[in-house]
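Scroll down for the structure; my scribbles are underneath it.
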Amino acid sequence: MFPAIFYEKSDGKGCLHTTFRFTASFLISTMEKETITASISPRAYTRVGAYLRVGKFLHISFLICLFMAWTDYQEWKAGDGGQFWMMIWWIYLSIFPLLDGRSRFQNYKKLKDQLYDYGFQSKLLKPFMISRCQREAAMVAAKELGMGKRLKEFINQKGYRWYHFVPDFVWSHPFFWLSPKFWTFTFFAPRYRPHHNYREIARQTYVRAVIASSEPDQVVQQKKSA
């Protein structure tokens, strides 16, 4: 289930120990996945709704930039020629929240698949704790799988609070924003295609629950008719 378990020695005891660890991890993951599946709401979130929730602060920033560009346009239209370049500046700035929001949406889709496949694990969450926007994306994914409370506790344990908007690297690596890795990860994250259809999973789970709840009534009716 986890790649690290294959690093055991290939002697007799090592093989047995590796097999045991594999089986135990698989059983734990299967049990947790059943719990996760049952936690998915039948009213699964649409992609548009998830996209808006994942980057809500970024979308607000985008709208603010557009509003500032519109006000500068009105002043430029009224005859203030100097506002033309301010309008161009605000339009230019509005591109970055859009790109950032798209990248965070890719993070959300990837983490949601990982949480569903492997359960709630800190090693999966650590890469998404760097910035406030990443933590928001992780929280949306966790809530949709019934793990929102656990993730909130995990974030608090790491010392993050709602007012921590500045990314960690600003203090630890101030010049990281100049590296290609920063620009690629922040604004040009590769597109991620989800491996699971969560709306369909939720629908099937709901149907099974309805059928299971109706079976006792059918048994009672059969006994009465007999």
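What the table below lists for this structure:
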| quantity | calculated |
| --- | --- |
| Per-peptide average of other Cβ atoms within 10 Å, ordering 198-210, 143-155 highest first | 143-155, 198-210 |
| Full-extension gain in nm, TYR118 to LEU98, via 0.36 nm per residue minus C-alpha separation | 4.2 nm |
| Rg/Rh (Cα only; Kirkwood hydrodynamic radius) as it applies to segment 68-226 | 1.22 |
| Computed E for ILE201/ALA78 - FRET, C-beta separation, R0 41 angstrom, nearest 0.05 | 0.15 |
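Where a number appears in this text, it was derived from the coordinates with a stated rule and is not lab data. Values in this document were obtained by computation on a predicted structure and should not be read as measured data. In this analysis, Cβ positions are derived from the backbone assuming ideal geometry, glycine residues included, and neighbour counts consider all displayed protein chains.
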